[in-house]
1. Where does each of 192, 329, 104 land when they are ranked from fewest to most other beta-carbon atoms within 10 angstrom?
2. Find, to one decimal place in angstroms, the Kirkwood hydrodynamic radius of the chain, where the mean of 1/r is taken over every pair of different Cα atoms and then inverted.
3. If the viscosity is 1.306 mPa s and the temperature 10 °C, what translational diffusion coefficient in µm²/s does Stokes-Einstein give for region 208-321 when Rh comes from Kirkwood over Cα pairs?
4. So if we plug the beta-carbon distance of residue 264 and residue 41 into 1/(1 + (r/R0)^6) with R0 = 35 Å, what FRET efficiency do we get, rounded to 0.05?
5. Whole angstrom only: what separates the Cα centroid of region 195-255 from the Cα centroid of region 122-159?
6. Counting other beta carbons within 10 Å of each Cβ, put 314, 204 in order, fewest first.
7. When the chain is fully extended, how far beyond the present Cα-Cα distance does residue 197 get from residue 86, taking 0.36 nm per residue of separation?
8. Would you order 266, 212 from fewest to most other beta-carbon atoms within 10 Å of each residue's own beta-carbon?
Ligand code: HGY
Ligand code: MN
Ligand code: MN
């Protein structure tokens, strides 16, 4: 049975992990940062060395194509090389390299696929710019309005595009119409596979994600001379809201989640009562209807907390990503590959967002997971064992072969 080249795959993974490597053993490779640009250049060289056709679109997505009999449409497969700040080595990069290795193995076997198979590295999956930027650009789902208040801030967004030689209009004009199917390998970033000693997770759907920027306004004041009962402290308001929001979501929307990943207090000094707080809020659920209700409840809580003299609130929506079911034909192709490889597998809902949920809106999309030790992710301690990495890459290989037969 065809198998990937284990040594080449694992050494490629070690090589790409050097870009943005951190002392704690993770990577910090935010989209279009210097380390990400270096990793992208490395990937381009690997694609060309493999004899695949390299290209890059106007949203910065990188491709490596194995041309098939019918080159008018493709099975796309890959993930993302960008990381969260101070994250782990495996999130995204594992999928890009596994797909590269699977395509190389198919090419070396001499098989010409009935339709082209193309590797992809999507730009800004992690949302340090926009959020699923590359994959949403490919389906034409980015609106110009998003550029005003991007998740990573406008000046960072523009300087990052400039570094990569990209433009806002280019991001808006990267739509493709030739994707027949999409397959992505990713680490689970949770503990369910470990709990069941299961080798492969077959993703059935992934949750939606909504992001908001909240500005709490109070009155900056002297931290010593202002009596406690006369303060309009913006940070008191924001932290009261955070606690109430957490309790409300846990009580009413589990397994949905809410997170407050960034907070800034201004002017920002030991001896000034904060007059303004900027708070990043993100929540997730498998249903858009439930997220409509979560949004209404959360914003009502925020307004209740600021409904007093000298306190006020403004809210900006930063990104909306819809839940997405995976396609049954791709799910079955992954499960048949697991059976061929004698790998245990189970179906899972993904609570992480992925590029697959963008592509699922225009093509037959599917994902598979391999175990994350202790479920840790978005953390330098993120780890997946080499055997699990290789299992995942072999499942990608045989799923692609199955899809070639299935989709002709
Ligand atoms: O945030 C996520 O779910 C993914 O890691 N981008
Ligand atoms: Mn990821
Ligand atoms: Mn991630």
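1. With the fewest neighbours first, 192, 329, 104 line up as 329, 192, 104.
2. Hydrodynamic radius (Kirkwood, Cα only) of the chain equals 22.2 Å.
3. This corresponds to a translational diffusion coefficient of 109 µm²/s.
4. 0.55
5. Between the Cα centre of region 195-255 and that of region 122-159, the gap is 23 Å.
6. Ranking 314, 204 by Cβ neighbours within 10 Å, fewest first, gives 314, 204.
7. 37.1 nm
8. Fewest-to-most Cβ neighbours within 10 Å comes out as 266, 212.
Every read-out reported here was derived from the displayed coordinates using simple, explicitly stated rules and does not represent laboratory data. Note that the coordinates shown come from a computational prediction; the quantities given were computed from them, not determined experimentally. As a convention, Cβ positions derive from the backbone with ideal geometry for all residues, glycine included, and neighbour counts pool all protein chains shown.
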